[in-house]
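Read the figures in this text as sums done on the coordinates, not as results from a lab. If you're wondering where the values come from, they're calculated on a predicted model, not measured in any experiment. Cβ: placed from backbone, ideal geometry, glycine included. Neighbour counts: every protein chain shown.
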């Protein structure tokens, strides 16, 4: 099982290019606000710059970390738009042709509709060594693509899920997060929710925190 977004960096770049182009083309049809289109364009531009920087033979680890951060930010925006305006379909106009224009699989109209997850995954975070945090979560149910970790590194307390501005799809029950020297002694705030194969998200868990050392 896999996310609707490709894992391989080059494939994700191509997917993102197409998704952003389709968003601009179909924004009026789908009722996507101009500010949402602009936000996605801004995140996409930042990601492409970081992606291209990593093509250089002189690219350093910090360049790859920058690309990871920009990709996470772009993935979050894409996921929000997909959930709200394609899966949510507030205007009732999304066809399989439109889904395919966005690079998304068509819906299977012959099967029972898939509902979003209703349960919340349990998880914990532990120190995994210098600048590493290990995230472990409960085994994913059948027909789920994984658990989406929403997180933020901050000096100030984070109490609202909307302030967790970075996301990452976890496909294994144990995954390692790697941080930069500048983030040492700051606090990682995170919450987890299930994602099914249709890309629909379940309710988020309570926010947990751990200090990066």
The chain, relative contact order [Cα under 8 Å, separation at least 6], %: 22 percent
Linear extension gain, residue 210 paired with residue 187, 0.36 nm per residue minus alpha-carbon span: 7.7 nm
Shape of the stretch 111-203, Cα gyration tensor, a/c cut at 1.5: prolate
Estimated FRET transfer efficiency when R0 is 30 angstrom, pair residue 9-residue 176 (beta carbons, to 0.05): 0.95
Gyration tensor (alpha-carbon) shape descriptor, the stretch 56-179, a/c threshold 1.5: prolate
Kirkwood Rh, Cα atoms: Rg over Rh of the stretch 9-101: 1.04
Between 0 and 90°, nearest 10: helix 61-81 axis offset from the chain longest Cα axis: 40 degrees
Residue-averaged 222 nm ellipticity for the chain, from DSSP H runs of 4+ at -39500 (n - 2.57), nearest 500: -11000 deg cm²/dmol
Gain on full stretching of the segment that runs from residue 58 to residue 142 - 0.36 nm per residue minus C-alpha separation: 26.0 nm
Per-pair calculated FRET efficiency, R0 = 22 Å: residue 24 and residue 97 via Cβ, rounded to 0.05: 0.80
Relative contact order (%) - the stretch 123-211, alpha-carbon pairs under 8 angstrom, separation at least six: 34 percent
In nm, spacing of pseudo-spin labels at residue 126 and residue 45 (7 Å Cα→C-beta vector): 4.5 nm
On Cα atoms only, tilt of 9-30 relative to the major axis of the chain in degrees: 50 degrees
